[in-house]
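> This is the structure I have questions about; it appears just below.
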Amino acid sequence: MKVRVLAVLSVLSVLIVIFSSSAILTSASRELTQELQINRAASLNRLAQVAFDAATDGGDTTQLQTEMDRYSELYGEGVLIRLQSGILRSGGLSEDRPDVRDALARAKLNLNDTTLAPLQPFGTGSEVISRSFGSASQVLGEAILEVSLDAARQKLRERWLLVGLAAFALAAVLLLGAARVTGWVLRPVHRLNAAVTELEATGRTGSLPEAGPPELRELSRSFTRMARTVSDSIDSQRQLIADTSHQLRNPVGALRLRIDLLQLELKTAREQKAAAGVLAELERVEEILDGVLRLAAAEHRAFEDSARGPLGTPSHGPTAIIDPYPILQEEAERAGLAAHRNGSSIQLEGPPDPAVHIACNAAELAQMVGELVTNALKYAAGARITVAVRARPDAVAVEISDDGPGLSADELQAATNRFWRSPQHRGIRGNGLGMTIVDKLAGANGGRLQLSEASPHGLIARIEFPRAIAQGEAAQPGETAQPGEEGPA
C-alpha cells in the first residue's frame, strides 16, 4: 500500500515540477524575446530616422553609412537600407537572402515587421526585422536589421540550467516530503494491521502508540480499548474453565467415594456390574477434567509467552538452555512398564554427537514427550515406538514415531483441535486433548508440533525447536545463537 500511495504522490509531485518549470521557462523565453525585440526595434528606428534625414537632405548617405558600419561593428549584425538612390549595406547583409527579400517587399508596402519569434534555447541562425520610412504620403525607403539570437539563446540556456537544477531540487524535496507524509499516514495503519494479526493469533496485543493523523490516532485508541476488552474476555473465559474444572473435582471426588462405599454394600453380580459401569463413566469425567485443567494451564502458558509490552517486543516465559536427551530417556523409562503391558516396545535412539541444546522449560518438555508417548501407547497398541532427538544445523527435533495404524492426511490436519478424536479410535478411552496440549506448550517454548505419516504406516510426531548454544559451546557452521543466549565464553 505504501508503494502505491508513494507512486501516486510521486507522479503528482513530478507533474507539479514539470508544469511549474514549463511556466517559468516560457516566461523566461518571452522576457528575453521581448527585451531583445525592444532593443533592436529602437536601433532600427534610429537607423531609419538617419536614413530619412539622408533621403530628405539631398541624398548624402555618408553619415548613414558610417552609422550602419558602426552598428554592425558593435553588435555583429548586418544592416540593409534601400533608398530611392540605391541600397546601402553593412555587416555582410545581402538582399539576396530570402528573408531579406520578403522583409523588403513588406516594407515597400508600408508594412512594418519588428516582431521576433519566441526564443528557443537550442538553434542557429538569425532573424530580420524591417520598417519603412518616408512622409505620410510617400515611402522613401526601407530599413532591414539583422538580429543575432546567439547571445540571447545563451542567456536562455543558462536560465534553463538554473531552472532545471531548481526543479530537480524541488522534485527531491517533494518526493522526500511525499515519503515522509506517506510513512506518517500509513505507519499507524501497518501497526494496526500487525496488532489485528497478533490479536487473532494470540488473543491479546499491546497498546498501539497514538501517532499519525487525528483520525488514525482515534482509531488506535479505539482498537486498543477493543483489544483490551477482547483479551480480558478471553482471559475470563479461560479462567472460568479452569476454575470450573477445579471446583468440579471436589464433588466428583466425593461422588467417587460414595460409589466406592456403595460397592461395598452391593451383593449380586448384576449390581456390581452396574456400579462398575458408573465408576468407569466417573473415571472418564475425571480424565476430561484433568485434561481440561492441563489444557487451561498450557493455553495460559502459551498466551503468557505471546504477551507483549510495546507492540513487537516479545516477553518470554521461564525457559532455560537444556539438553533434551536426558528428558526423553527418563520419559521412555517411565513408559516402559505400560508399553510391556499392552505389547508395545519403546526404543530410545542414541544421543546426538555432539550433544545439542534447545531453549525450553524442562518440565513442559517432559509433559509434551509424556503426552506423545502415552498417545502412541494408547492408540498404537502392540506397535514399535521410537523416541529420538534429531539434529540439524539450525534446528533440533524431538521425535516420537510408531508403526501403528497412523492417521490419514485429513485427520492429521484436525489432530490438534480440542476434543477431536479419530473415528477409528472411538472405542478407546480418551478425551481428545493430548495433541492440543502438546501444540500449545510447543508454541509457548518457541517450537512447533508437526504431525506426519510414517512409512509404510504409522505416525510421526515431531516437536521442532530452534537450535540453541549452551554456555561454553562453540557454534556450528550455519548456526546462530538465539536472542538472550550466551555464546562461547
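> What number of residues within the stretch 51-95 satisfy the criterion of being open to solvent by 30 Å² or more (accessible area, probe 1.4 Å) and assigned to a helix (DSSP H, G or I)?
14
> Only one of these is among the aliphatic types (A, V, I, L, M), over 21 Å from LEU295 (Cα atoms) and free of Cβ contacts under 8 Å to residues at least 60 places away in the same chain: ALA409, ALA415. Name it.
Details: ALA415 fails: over 21 Å from LEU295 (Cα atoms).
That would be ALA409, the only listed residue that is among the aliphatic types (A, V, I, L, M), over 21 Å from LEU295 (Cα atoms) and free of Cβ contacts under 8 Å to residues at least 60 places away in the same chain.
> Still on this structure, I have one more. Pairs, please: C-beta under 9 Å, at least 6 apart or cross-chain, first residue farther than 14 Å from LEU170 by Cα and at pLDDT 80 or above and in the stretch 1-28, second in a helix (DSSP H, G or I) and charged (D, E, K, R)?
LEU25/ARG159; ALA28/LYS155; ALA28/ARG159
> Related question: Under the condition of being of a type in the set (S, T, N, Q) and assigned to a helix (DSSP H, G or I), which residue from the stretch 413-448 is farthest from GLN367 (Cα to Cα)?
Step one: list which residues in the stretch 413-448 are of a type in the set (S, T, N, Q), which gives 413, 416-417, 422, 424, 431, 436, 445.
Keeping just the survivors that are assigned to a helix (DSSP H, G or I) gives 413, 424, 436.
Numbers: GLN413: 22, GLN424: 25, THR436: 12 Å.
Taking the candidates together, the pick is GLN424.
> Separate question: Hey, does the stretch 447-468 have a residue that's basic (Lys, Arg) and open to solvent by less than 30 Å² (accessible area, probe 1.4 Å)?
Quick first cut of the stretch 447-468, residues basic (Lys, Arg) only: 448, 462, 467.
Filter once more, so that each one left must be open to solvent by less than 30 Å² (accessible area, probe 1.4 Å): 467.
Checking the stretch 447-468: at least one residue is basic (Lys, Arg) and open to solvent by less than 30 Å² (accessible area, probe 1.4 Å).
One line per residue, one yes/no per condition, for (1) under 60 Å from the mean Cα position of the chain (by Cα); (2) not hydrophobic (A, V, I, L, M, F, W, C):
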| site | (1), (2) |
| --- | --- |
| THR56 | no, yes |
| THR61 | no, yes |
| GLN65 | no, yes |
| TYR71 | no, yes |
| GLU77 | no, yes |
| GLY86 | no, yes |
| ALA105 | no, no |
| LEU119 | yes, no |
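> Name the residues in the stretch 379-396 that are assigned to a strand (DSSP E or B) and either surrounded by 15 or more Cβ atoms within 10 Å (Cβ to Cβ) or of a type outside the set (Lys, Arg) (or both), would you? Before you say what the answer is, go through the steps one by one.
Of the residues in the stretch 379-396, the ones assigned to a strand (DSSP E or B) are 384-391, 395-396.
Listed by number, the residues that qualify are ARG384, ILE385, THR386, VAL387, ALA388, VAL389, ALA391, ALA395, VAL396.
> Taking the stretch 210-221 as the search range and keeping residues that are surrounded by fewer than 14 Cβ atoms within 10 Å (Cβ to Cβ) and at pLDDT 80 or above, which one is nearest to LYS440 (Cα to Cα)?
Of the stretch 210-221, the ones surrounded by fewer than 14 Cβ atoms within 10 Å (Cβ to Cβ) are 211, 213-215, 218, 221.
From what is left, the residues that are at pLDDT 80 or above are 213-215, 218, 221.
Values: PRO213: 39, PRO214: 39, GLU215: 38, GLU218: 35, ARG221: 31 Å.
Result: ARG221.
> Of (1) surrounded by 12 or more Cβ atoms within 10 Å (Cβ to Cβ); (2) hydrophobic (A, V, I, L, M, F, W, C); (3) at pLDDT 80 or above, LEU165 satisfies all except one. Which?
The failed condition is (1).
> Now for a separate question. So which pairs qualify, if the first residue must be in the stretch 146-167 and more than 14 Å from PRO118 (Cα to Cα), the second must be buried (at least 17 other Cβ atoms within 10 Å of the Cβ) and of a type in the set (D, E, K, R), the Cβ gap must be under 8 Å, and the two must be at least 6 apart or on different chains?
GLU146/GLU77; GLU146/GLU127
> Looking at the stretch 255-272, which of the residues that are among the aliphatic types (A, V, I, L, M), more than 19 Å from VAL285 (Cα to Cα) and open to solvent by less than 90 Å² (accessible area, probe 1.4 Å) is modelled with the lowest pLDDT?
LEU266
> Then there is this: Check THR197, THR182 and return the single one that is of a type in the set (S, T, N, Q) and open to solvent by less than 30 Å² (accessible area, probe 1.4 Å).
Just a single option satisfies the conditions, and that option is THR182.
> Scan the stretch 98-115 for residues that are without any contact (Cβ under 8 Å) to a residue 24 or more places away in the chain and either in contact with a His (Cβ under 7 Å, 6 or more places away or on another chain) or assigned to a loop (DSSP other than H, G, I, E, B) (or both) and jot them down.
Our first condition is that a residue be without any contact (Cβ under 8 Å) to a residue 24 or more places away in the chain; within the stretch 98-115, this holds for 98, 101-102, 105, 109, 111-113.
LEU109, LEU111, ASN112, listed by residue number.
> Could you go through the stretch 69-79 and let me know if any residue there is farther than 28 Å from ARG159 by Cβ, in contact (Cβ under 8 Å) with a residue 40 or more places away in the chain and in contact with a strand residue (DSSP E or B) (Cβ under 6 Å, 6 or more places away or on another chain).
Taking every residue of the stretch 69-79 in turn, at least one turns out to be farther than 28 Å from ARG159 by Cβ, in contact (Cβ under 8 Å) with a residue 40 or more places away in the chain and in contact with a strand residue (DSSP E or B) (Cβ under 6 Å, 6 or more places away or on another chain).
> Which residues, taken from the stretch 319-335, are open to solvent by 30 Å² or more (accessible area, probe 1.4 Å) and either more than 42 Å from the chain's Cα centre (by Cα) or among the aliphatic types (A, V, I, L, M) (or both)?
First, pick out the residues of the stretch 319-335 that are open to solvent by 30 Å² or more (accessible area, probe 1.4 Å): 319-321, 323, 326, 329-330, 333-334.
ALA320, ILE321, PRO326, GLN329, GLU330, GLU333, ARG334, listed by residue number.
> Does SER207 satisfy the criteria of being farther than 23 Å from GLU371 by Cα, open to solvent by less than 80 Å² (accessible area, probe 1.4 Å) and either assigned to a helix (DSSP H, G or I) or modelled with pLDDT under 75 (or both)?
Details: farther than 23 Å from GLU371 by Cα: yes; open to solvent by less than 80 Å² (accessible area, probe 1.4 Å): yes; either assigned to a helix (DSSP H, G or I) or modelled with pLDDT under 75 (or both): no.
Considered against the rule, which asks whether it is farther than 23 Å from GLU371 by Cα, open to solvent by less than 80 Å² (accessible area, probe 1.4 Å) and either assigned to a helix (DSSP H, G or I) or modelled with pLDDT under 75 (or both), SER207 comes out as no.
> Pairs needed: first member in the stretch 335-347, within 19 Å of MET368 (Cβ to Cβ) and outside any loop (DSSP other than H, G, I, E, B); second member anywhere, of a type in the set (Asp, Glu) and open to solvent by 50 Å² or more (accessible area, probe 1.4 Å); C-beta distance under 9 Å; at least 6 residues apart or different chains.
ILE346/GLU333
> On to the next question. Would you mind stating whether ALA332 is modelled with pLDDT under 85 and in a helix (DSSP H, G or I)? First the steps, then the outcome.
Numbers: modelled with pLDDT under 85: no; in a helix (DSSP H, G or I): yes.
Criteria not met by ALA332.
> Pairs only if they're at least six apart or on different chains, beta carbon under 9 angstrom, first in the stretch 443-454 and at positive phi and touching a residue at least 12 places away in the same chain (Cβ under 8 Å), second buried (at least 20 other Cβ atoms within 10 Å of the Cβ) and not in a strand (DSSP E or B); list them, first residue then second.
Correct list of pairs: GLY446/ASP305; GLY446/THR319.
> Of the conditions (1) in contact with an Asp or Glu (Cβ under 9 Å, 6 or more places away or on another chain); (2) within 21 Å of GLU35 (Cα to Cα); (3) assigned to a loop (DSSP other than H, G, I, E, B); (4) not small (Gly, Ala, Ser), PRO118 satisfies every one except a single condition; which number is it?
Tallying (1) in contact with an Asp or Glu (Cβ under 9 Å, 6 or more places away or on another chain); (2) within 21 Å of GLU35 (Cα to Cα); (3) assigned to a loop (DSSP other than H, G, I, E, B); (4) not small (Gly, Ala, Ser), PRO118 fails exactly one: (1).
> Of GLU399, GLU364, which residue is outside any strand (DSSP E or B), open to solvent by less than 30 Å² (accessible area, probe 1.4 Å) and of a type outside the set (A, V, I, L, M, F, W, C)? Before the answer, list the steps.
On the way: GLU399 fails: outside any strand (DSSP E or B).
Only one candidate qualifies: GLU364.
> A further question on this structure: Can you find a residue in the stretch 135-147 that is surrounded by 13 or more Cβ atoms within 10 Å (Cβ to Cβ), outside any helix (DSSP H, G or I) and among the polar types (S, T, N, Q)? I'd like the intermediate steps shown before the answer.
Just the residues of the stretch 135-147 that are surrounded by 13 or more Cβ atoms within 10 Å (Cβ to Cβ), to begin with: 139-147.
Now narrow it down to the ones that are outside any helix (DSSP H, G or I): 139-147.
Within this subset, residues satisfying the condition of being among the polar types (S, T, N, Q) are none.
The answer is no, given that none of the residues of the stretch 135-147 is surrounded by 13 or more Cβ atoms within 10 Å (Cβ to Cβ), outside any helix (DSSP H, G or I) and among the polar types (S, T, N, Q).
The values are calculated or read from the model by the stated rules, or taken from the named source; none is laboratory data. Worth saying up front: this structure is predicted, and the values here are computed from it rather than measured. Note that we place each Cβ from the backbone using ideal geometry, even for glycine, and neighbour counts take in every protein chain shown. Note: areas computed on protein heavy atoms with side chains; ligands, DNA, RNA excluded. Shrake-Rupley method; radii C 1.70, N 1.55, O 1.52, S 1.80 Å.
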